[in-house]
Amino acid sequence: MSDAAMAKRDAGFRAADMVKDGMVIGLGTGSTVFFAMERLGERIKTEGLKIAGVPTSHQTAQRAEEYGIPLTTLSLHPKLDLAIDGADQVSPEKYLVKGRGAALLREKIVADAADKFIVVIDESKSVTGLSAAIPLEVLPFAYGSVCRRLKELGGDPVMRNGVKKDGPVISDNGNYIFDCAFGNITDPKALEDAINAIPGILECGIFAKLTEKTTVIIGKPSA
Ligand code: 5RP
């Protein structure tokens, strides 16, 4: 396993060990949170840990089945004890960029529903300031006007295209994903608000409003 993968596993396992019996938890998407789910699966088998998870993507739901993690819904559990998720960039203020896996809309809904938000990363995701292109979930009907508005905000929106599929990536919710570069982001909260105010944008990959309940775990390769 590479150093980066070992660091992700360390972060994921440490997050899974914070989960207590009886909790209902949000399950993010991505390779780091899948390590947390692997460890939760082990704890369910060996300790009899009783939990239920709300998955943020089809892929996470499939992994949960594989690891034996019972699933539930936000309709049954509108308030979650905690959510575990990865991130693409994390600033010292705990502002995040998320959405490489195109799951940002459900990830933000689930993080918002949780009392505590555990972000699991390897060191490469820790940055002094956010600068990554921001993933955006966009209603297909509106993408032309959305792009015009994003350019007025100083962004450079690029439609995300499939790798083994021609044309646009379609999210689990049936929408387009754009990646929009803004250079160095000096005021993430203001930019998150400005982007989310554009009609047709369903969610923005800046997570700047959750800092008070966020704990960041940075995994170590040697652990
Ligand atoms: C998916 C995400 C992921 O959590 C983020 O991209 C981190 O992924 P990984 O843990 O594989 O590095 O936001 O939409």
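The values are calculated or read from the model by the stated rules, or taken from the named source; none is laboratory data. Since this is a predicted model, take the numbers as computed values, not measurements. Positions of Cβ are generated from backbone atoms using ideal geometry, with glycine treated the same way; all protein chains shown enter the neighbour counts. With ligands, DNA and RNA removed, areas are computed over all heavy atoms of the protein, side chains included. Shrake-Rupley method; radii C 1.70, N 1.55, O 1.52, S 1.80 Å.
Select from the range 90-113 the residues that are surrounded by fewer than 22 Cβ atoms within 10 Å (Cβ to Cβ) and either more than 10 Å from the ligand (Cβ to nearest atom) or part of a strand (DSSP E or B) (or both) and list them in ascending order.
Once the filter is applied, which keeps residues that are surrounded by fewer than 22 Cβ atoms within 10 Å (Cβ to Cβ) and either more than 10 Å from the ligand (Cβ to nearest atom) or part of a strand (DSSP E or B) (or both), the range 90-113 yields 91, 92, 93, 94, 109, 112, 113.
Of everything in the range 160-171, what is open to solvent by less than 60 Å² (accessible area, probe 1.4 Å) and not in a strand (DSSP E or B)? Give them in sequence order.
Across the range 160-171, the qualifying residues are 160, 162, 167, 169, 171.
Per-residue answers, yes or no, for (1) under 22 Å from the mean Cα position of the chain (by Cα); (2) of a type in the set (Asp, Glu); (3) closer than 30 Å to residue 92 by Cβ:
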residue: 133; (1), (2), (3): yes, no, yes
residue: 137; (1), (2), (3): yes, yes, yes
residue: 141; (1), (2), (3): no, no, no
residue: 148; (1), (2), (3): no, no, no
residue: 161; (1), (2), (3): yes, no, no
residue: 164; (1), (2), (3): no, no, no
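Does residue 66 fit the bill of being assigned to a loop (DSSP other than H, G, I, E, B), more than 20 Å from residue 203 (Cα to Cα) and open to solvent by 30 Å² or more (accessible area, probe 1.4 Å)?
On the way: assigned to a loop (DSSP other than H, G, I, E, B): no; more than 20 Å from residue 203 (Cα to Cα): yes; open to solvent by 30 Å² or more (accessible area, probe 1.4 Å): yes.
Judged against the criteria, residue 66 is not a match.
If you check 150, 82, 130, which single one turns out to be in contact with a Lys or Arg (Cβ under 9 Å, 6 or more places away or on another chain) and open to solvent by less than 10 Å² (accessible area, probe 1.4 Å)? Before the answer, list the steps.
Values: 150 fails: in contact with a Lys or Arg (Cβ under 9 Å, 6 or more places away or on another chain); 130 fails: in contact with a Lys or Arg (Cβ under 9 Å, 6 or more places away or on another chain).
Matching residue, one of 150, 82, 130: 82.
Determine whether the range 1-18 contains at least one residue that is in a helix (DSSP H, G or I), open to solvent by less than 20 Å² (accessible area, probe 1.4 Å) and not small (Gly, Ala, Ser).
Going residue by residue through the range 1-18, those that are in a helix (DSSP H, G or I) are 3-16.
Then drop every residue that is not open to solvent by less than 20 Å² (accessible area, probe 1.4 Å), which leaves 7, 11-12, 15-16.
Next, only the ones that are not small (Gly, Ala, Ser) stay: none.
Taking every residue of the range 1-18 in turn, none turns out to be in a helix (DSSP H, G or I), open to solvent by less than 20 Å² (accessible area, probe 1.4 Å) and not small (Gly, Ala, Ser).
When residue 135 is evaluated against the numbered criteria (1) open to solvent by less than 10 Å² (accessible area, probe 1.4 Å); (2) in a helix (DSSP H, G or I); (3) within 15 Å of the ligand (Cβ to nearest atom), which criterion, by number, is the only one it fails?
Going through the list (1) open to solvent by less than 10 Å² (accessible area, probe 1.4 Å); (2) in a helix (DSSP H, G or I); (3) within 15 Å of the ligand (Cβ to nearest atom), residue 135 breaks only (2).
Filter the range 177-223 for residues that are among the β-branched types (Val, Ile, Thr), under 17 Å from the mean Cα position of the chain (by Cα) and outside any strand (DSSP E or B) and give the result.
211
When you look at residue 157, is it open to solvent by less than 30 Å² (accessible area, probe 1.4 Å) and touching a residue at least 40 places away in the same chain (Cβ under 8 Å), yes or no?
Criteria not met by residue 157.
Evaluate the range 31-52: report whether one residue or more is at pLDDT 95 or above, open to solvent by 70 Å² or more (accessible area, probe 1.4 Å) and within 17 Å of the chain's Cα centre (by Cα).
Taking every residue of the range 31-52 in turn, none turns out to be at pLDDT 95 or above, open to solvent by 70 Å² or more (accessible area, probe 1.4 Å) and within 17 Å of the chain's Cα centre (by Cα).
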